[in-house]
């Protein structure tokens, strides 16, 4: 009986530890914690309108609200290809922390944003230069292609 109680106690402690660490990750992924340079930033509609493009005020003209070029990743938590792209984008956010910003928009929670950009498949990446029109790319792009897009299209290095 004592062995059973010890086992249950150990399992309970392990469960508590895992649950707490998962809660911490969730807060980081939703932007509740302070965002540092080099982080991928999760946007809701209000943040998107303020930081990227206010399509309600400018429905007929693209006006980028940001100070640096950016990438917006339209994704879903259940999407396999999105899960493959996510760590690559996190690495690129660190690598290019002084040059670009990388945002994420969850299409399941931000349906209106997804509809505003006609997102029908995920992942879809929106590459937004400081000046000029944005470009959409669909699918799980490899790291090399993402770096090429950042260097050539967003930063103008050729």
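Some observations on this one:
- Of the peptides 43-51, 124-132, the order by per-residue mean of other Cβ atoms within 10 Å, starting with the highest, comes out as 124-132, 43-51.
- Rounded if a/c under 1.5, otherwise prolate or oblate - region 89-150, Cα gyration tensor axes: prolate
- For region 50-107, the spread of Cα positions along the three principal axes, ordered from largest to smallest, is 34, 28, 13 Å.
- Counting neighbouring Cβ atoms within 10 Å and putting the fewest first, the residues 72, 63 line up as 63, 72.
- Short to long, the 5 Å bins of the Cα pair-distance histogram for region 28-158 hold 2, 10, 22, 26, 22, 13, 4, 0 percent of all pairs.
- Alpha carbon centroid spacing (whole Å) that separates region 44-60 from region 66-98: 19 Å
Throughout, read-outs are computed from the coordinates displayed, never taken from laboratory work. Nothing here was measured: the structure is a model prediction, and the numbers come from that model. When we count neighbours, we look across all protein chains shown, and the Cβ atoms used for this are built from the backbone with ideal geometry, even at glycine.
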